[in-house]
Amino acid sequence: MLVAIACGLAASDPALRPLGDVALVVTGLGAATVLLVVGGRRGEHRRGWWLLGAAPLFPVLGAALAAVLAPTDALHLVVLRWVPTVPGYVLAIAGILTLVDAARLRAGGLRLAVELALFTTASLVVVQLLVMGPHLGREHQGVGEHLILGAAVVVTSATMAAALSLLGVIEAHRRRMALVLLVGAAALTAGRGLGTSALLSGAAAMVDTSRFFVAAGLFLLCAAAQMDARHAADGGAASSAPCRSAEFGQLLPHVAMVVAVAVVGGVAVSGSAPGRVAVLGIVLAVALATVHRWVAARDERRMAGLLRRSEAYFRSLVRSSGDAVVILDDALRITWASTALERFLGTAAQELVGRPLLEAVHPEDVSALGAVLPVAVDPGAPAPSRSGDAAGPGLLVLRLRDAEGIWRYLEAGVSDLRRDPDVGAVVLHCRDMTDRHAREQALQSVAYTDPMTRLPNRAGFLQALHSALDTAAEVPTVLLMIELDGLAAARQGYGREAVTLVVAEIGRRLRGTVRSGDVVARMGGGAFAVLSAGTPEEGDRLAARCLSEIERPVPTAGGIVDLSAGVGVVPLESGPGVEEFLTRADLAVRAAHADGAGSAARYRAALGDAAARQERLAADLPGAAARGELFSLYQPIVSVLEQRVTGFEAMLRWRHPSLGEVPPAEFFALAERTGLVGDLLRWVLDEAAAAVMSLPSAGEPLRIALKVPAGYVATGRLVPDVDRALLRSGLAPERLVVQLGTATVMSDDERVALDVSSLRLMGVHVALEGFGSGSSALAHLTQLPVDIVKLDRSFITRLDRDPQSRALCESVVGIAKSLGLDVVADGVETPAQLATLCGSACDFAQGFLISRRLPLE
């Protein structure tokens with residue numbers, strides 16, 4: 001704005017004309033600064049902007065020389081200004097050509113060379129008329145002045161030609177910048193030429209006008225530098241907006257010729273005859289334009305041939321491809337489909353063109369496609385802006401009807417290319433997957449179906465359970481876990497094939513017992529699961545009906561199979577996950593089995609607490625001995641006849657730091673399940689053997705007795721552990737009594753029988769534990785390799801009240817004595833029981849009447 005005001009003041013008042021020259025000098029310095037700093041800040045073309053930034057400094061130098069020397073002759077003034085300016089134009093030409101890659105210049109070939117010659121010729125014709133006039137200067141001008149002015153004409157014409165050529169070869173996204181640069185170069189060249197011609201002719205008004213052109217040209221050069229710097233700052237991304245400068249660049253050669261002809265024609269019309277150089281330039285320009293048109297036509301024919309071959313090539317690829325290509329417009333209407341679609345759908349593929357895709361697909365696919373495909377818009381509205389090309393995540397599956405009316409499954413990849421000006425559509429790449437879908441459905445059926453019962457298997461049931469949990473808050477649902485009892489006996493009695501038929505029959509019965517909307521699944525082995533909509537009370541009634549169906553006899557080829565079951569009932573609720581409910585079902589089934597065969601139990605929080613207790617005990621039991629939580633209690637065994645203590649029974653106990661004393665039955669069962677029973681027995685064996693060594697005795701040395709569970713005997717570690725404990729403590733083998741149950745001693749396992757015999761050969765006494773209960777019989781006393789018979793406490797309880805029990809006791813004691821066996825009565829709690837044992841000549845007794853279990857001290 002300040003430069004425009006200064007030029008306006010200089011034009012209005014002759015006395016202020018030096019102000020206009022100063023304004024141009026300031027403008028040149030400012031333009032040089034902008035071009036050097038802004039244009040050369042970043043980007044791969046900074047060298048070109050540096051050269052262009054240095055070019056305005058040379059005209060400033062010429063203006064400074066003219067101001068210092070102050071020539072009075074106009075010709076000398078022009079020469080002084082142009083001598084330093086010519087090198088500046090050379091730098092400007094180099095800078096302009098450096099703004100584009102050298103590869104693009106070389107790719108222009110013959111067409112670029114013809115355009116450059118045409119631009120140069122047209123520029124020479126125009127600029128020489130502006131600078132030197134129609135007759136190439138005045139008669140009194142010398143050779144030096146002609147050379148200087150001729151050089152000025154050549155360099156300014158070359159600058160214009162370089163700017164015009166740049167617009168024709170530069171990248172499409174930088175053409176707008178090149179167009180601004182061309183207009184700036186034209187304004188700057190016109191201003192320089194108009195000012196030179198005005199100085200030579202003495203037209204002061206034209207000099208004032210030329211200043212505006214020069215200032216405008218410099219400002220446009222700065223604007224071009226700003227545009228290129230902004231593009232480089234954006235990362236060099238090409239803009240997708242249309243640029244009309246591309247079409248203008250195709251017309252530039254013809255525009256240059258027309259301008260040159262118009263200028264020469266204007267000179268002729270004004271009454272001045274054009275010189276021979278101008279006429280020759282016009283003829284050459286017209287000839288070059290003709291050559292350019294021929295070269296362009298040749299290139300167009302070659303490009304058209306390449307395009308036809310490319311189209312035919314890609315058309316053949318699309319036609320022979322196994323995938324079908326479907327094109328959709330903005331309204332998702334099918335506008336084109338490749339011939340591959342006819343292989344999938346037959347003649348029905350042709351009928352799809354023109355129809356909306358959402359109307360052609362299967363009704364069940366409409367909602368899924370509507371969520372994945374781009375939103376349909378009004379065909380007249382602009383395409384919606386999307387962040388990426390893909391319209392949806394991955395691939396989608398849709399169904400289209402073929403010529404026979406069968407729905408075909410197609411797998412389609414979606415690309416939203418409506419923002420791409422070369423496509424402007426949504427593209428679907430479709431592949432027929434009908435056969436594959438059928439195979440997947442078959443495989444899925446196999447994967448989620450139990451082959452024996454044709455019911456859902458565990459995986460299928462877990463899917464159903466997931467779905468039920470999602471709606472548990474709205475629809476009350478119960479889970480029934482059913483475990484059959486008696487399958488092992490049926491397998492031993494009737495064979496594996498009979499069990500298969502029985503399990504299949506139970507599955508059919510359960511399926512017929514529940515409602516049609518309920519889910520019955522086989523979880524594996526003899527376990528079934530049921531998902532039924534209803535309240536917990538309805539679940540209990542359903543469990544009772546299922547039990548009644550299971551307990552009905554199942555006829556097989558080998559005979560009648562009778563089964564029972566335990567049923568766990570678990571009401572579903574929102575919150576816990578699938579694994580939590582399966583755990584609850586297992587706990588409920590376990591509680592049902594504990595209640596007896598044919599029972600059903602509903603899950604309650606106490607079962608979860610018991611399970612948590614078991615988990616806590618299982619985690620803490622392995623380190624209990626190291627933490628000093630295990631200890632032994634001892635109960636004396638007395639001789640009834642001698643009235644003295646003859647030995648002790650050692651009993652292991654566990655005092656948990658937070659749960660208190662744990663019952664032996666609980667932690668011994670846990671130890672057998674977790675494989676820790678051996679560690680516990682070795683610990684108590686060492687403790688008991690060392691303890692009995694320190695006890696005084698009034699007669700024979702005291703014995704120590706220890707009950708050994710069957711699970712520990714089955715490990716084969718009994719004999720080595722007993723031998724190690726005896727060696728470590730120094731205890732004599734005959735002072736140790738190992739108490740075994742009847743089932744253990746009568747086991748068919750040869751290893752167990754060998755271990756019992758080995759213990760007796762070592763001198764260790766073996767006692768038969770719990771005689772008189774379960775399957776014990778008098779005949780066993782003659783068959784079992786034992787030294788001591790220990791009567792069960794249930795046998796002793798009725799001794800003083802039941803004459804039959806008393807008689808039986810006397811018989812057992814008599815038979816044992818005749819076989820050379822010692823008899824120990826366990827559980828003596830009343831004086832009457834002890835008196836009866838004394839009357840029946842029983843050898844030994846223990847129980848609460850004599851002493852409770854006590855620490856060693």
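The values are calculated or read from the model by the stated rules, or taken from the named source; none is laboratory data. Model, not experiment: these values are computed from the prediction. As a convention, Cβ positions derive from the backbone with ideal geometry for all residues, glycine included, and neighbour counts pool all protein chains shown. Surface accessibility is based on the protein's heavy atoms, side chains included, excluding ligands, DNA and RNA. Shrake-Rupley method; radii C 1.70, N 1.55, O 1.52, S 1.80 Å.
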> Is there a residue in the stretch 668-675 that is farther than 30 Å from residue 845 by Cβ, basic (Lys, Arg) and touching a Pro at 6+ places or on another chain (Cβ under 7 Å)?
Replying inline: no
> When both residues are 6+ apart or on different chains and their Cβ atoms are under 6 Å apart, which pairs have a first residue that lies in the stretch 701-729 and is within 13 Å of residue 672 (Cβ to Cβ), and a second that is at pLDDT 90 or above and not in a helix (DSSP H, G or I)?
Replying inline: 708/738
> Pairs under 7 Å by beta carbon, first residue in a helix (DSSP H, G or I) and buried (at least 18 other Cβ atoms within 10 Å of the Cβ) in the stretch 83-109, partner at pLDDT 80 or above and of a type in the set (S, T, N, Q), six or more apart or different chains?
Replying inline: 89/159; 92/159; 93/159
> Where residues in the stretch 675-693 are in contact (Cβ under 8 Å) with a residue 24 or more places away in the chain, out of contact with any Leu (no Cβ under 7 Å at 6 or more places or on another chain) and open to solvent by 50 Å² or more (accessible area, probe 1.4 Å), which of them is nearest to residue 621 (Cα to Cα)?
Replying inline: 679
>> For the stretch 158-179, check the following and say yes or no: at least one residue is closer than 19 Å to residue 260 by Cβ and over 59 Å from the mean Cα position of the chain (by Cα).
In response: yes
> Does the stretch 810-817 contain any residue that is modelled with pLDDT of 85 or more, assigned to a loop (DSSP other than H, G, I, E, B) and under 30 Å from residue 755 (Cα atoms)?
Replying inline: no
>> Among (1) at pLDDT 80 or above; (2) open to solvent by 40 Å² or more (accessible area, probe 1.4 Å); (3) under 60 Å from the mean Cα position of the chain (by Cα), there is one condition residue 337 misses while meeting the rest; what is its number?
In response: (2)
> In the stretch 286-322, how many residues are of a type in the set (A, V, I, L, M, F, W, C) and surrounded by fewer than 13 Cβ atoms within 10 Å (Cβ to Cβ)?
Replying inline: 9
> Of all residues in the stretch 600-639, which are of a type in the set (A, V, I, L, M, F, W, C), modelled with pLDDT of 90 or more and surrounded by 18 or more Cβ atoms within 10 Å (Cβ to Cβ)?
Replying inline: 600, 601, 630, 637, 638
>> Among the listed residues 31, 4, 23, identify the single one that is under 60 Å from the mean Cα position of the chain (by Cα), open to solvent by less than 60 Å² (accessible area, probe 1.4 Å), in contact (Cβ under 8 Å) with a residue 24 or more places away in the chain and under 18 Å from residue 188 (Cα atoms).
In response: 31
> With (1) touching a His at 6+ places or on another chain (Cβ under 9 Å); (2) modelled with pLDDT of 80 or more; (3) surrounded by fewer than 17 Cβ atoms within 10 Å (Cβ to Cβ) as the list, and residue 326 as the residue in question, which single condition is left unmet?
Replying inline: (3)
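Each row is one residue, and each column tells you yes or no for (1) open to solvent by 50 Å² or more (accessible area, probe 1.4 Å); (2) at pLDDT below 70; (3) part of a helix (DSSP H, G or I).
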position	(1), (2), (3)
116	yes, no, yes
123	no, no, yes
129	no, no, yes
133	no, yes, no
136	yes, yes, no
158	no, no, yes
> How many of the residues making up the stretch 433-483 are under 18 Å from residue 603 (Cβ atoms) and either surrounded by fewer than 18 Cβ atoms within 10 Å (Cβ to Cβ) or not hydroxyl-bearing (Ser, Thr, Tyr) (or both)?
Replying inline: 12
> Does any residue in the stretch 797-808 that is over 15 Å from residue 849 (Cα atoms) come within less than 8 Å, Cβ to Cβ, of a residue that is open to solvent by less than 80 Å² (accessible area, probe 1.4 Å) and hydroxyl-bearing (Ser, Thr, Tyr) six or more places away or on a different chain, and which pairs are these?
Replying inline: 798/805; 806/836; 806/840
>> Please go through the stretch 59-68 and give me each residue that is touching a helix residue (DSSP H, G or I) at 6+ places or on another chain (Cβ under 6 Å) and open to solvent by 60 Å² or more (accessible area, probe 1.4 Å), ordered by number.
In response: 61, 65
>> Criterion first (at pLDDT 75 or above, in contact with a strand residue (DSSP E or B) (Cβ under 9 Å, 6 or more places away or on another chain) and assigned to a loop (DSSP other than H, G, I, E, B)) does residue 354 satisfy it?
In response: yes
> Does residue 808 fit the bill of being of a type in the set (A, V, I, L, M), more than 22 Å from residue 703 (Cβ to Cβ) and open to solvent by 60 Å² or more (accessible area, probe 1.4 Å)?
Replying inline: yes
> Identify, please: which residue in the stretch 492-531 is free of Cβ contacts under 8 Å to residues at least 12 places away in the same chain and polar (S, T, N, Q) and is, among those, least open to solvent (accessible area, probe 1.4 Å)?
Replying inline: 516
>> Being outside any helix (DSSP H, G or I) and surrounded by fewer than 22 Cβ atoms within 10 Å (Cβ to Cβ) is the requirement here; does residue 72 meet it?
In response: yes
> Name the residues in the stretch 639-674 that are touching a Leu at 6+ places or on another chain (Cβ under 9 Å), closer than 23 Å to residue 613 by Cα and among the acidic types (Asp, Glu), would you?
Replying inline: 666
> Looking at 197, 272, 201, which is the one that is open to solvent by less than 40 Å² (accessible area, probe 1.4 Å), polar (S, T, N, Q), over 51 Å from the mean Cα position of the chain (by Cα) and modelled with pLDDT under 75?
Replying inline: 197
> For residue 850, which of the numbered conditions (1) more than 28 Å from residue 744 (Cα to Cα); (2) in contact (Cβ under 8 Å) with a residue 40 or more places away in the chain; (3) crowded, with 17+ Cβ neighbours inside 10 Å fails to hold?
Replying inline: (3)
>> If I go through the stretch 543-594 residue by residue, how many of them are touching a residue at least 12 places away in the same chain (Cβ under 8 Å), in a helix (DSSP H, G or I) and open to solvent by 80 Å² or more (accessible area, probe 1.4 Å)?
In response: 2
>> Suppose we filter 652, 685 for residues that are assigned to a strand (DSSP E or B) and under 20 Å from residue 767 (Cα atoms); which single one remains?
In response: 652
> Looking at the stretch 700-747, which of the residues that are modelled with pLDDT under 85 and open to solvent by 50 Å² or more (accessible area, probe 1.4 Å) is farthest from the chain's Cα centre (by Cα)?
Replying inline: 700
> Looking at the stretch 270-310, which of its residues are of a type in the set (Val, Ile, Thr), touching a helix residue (DSSP H, G or I) at 6+ places or on another chain (Cβ under 9 Å) and more than 16 Å from residue 123 (Cα to Cα)?
Replying inline: 291, 295
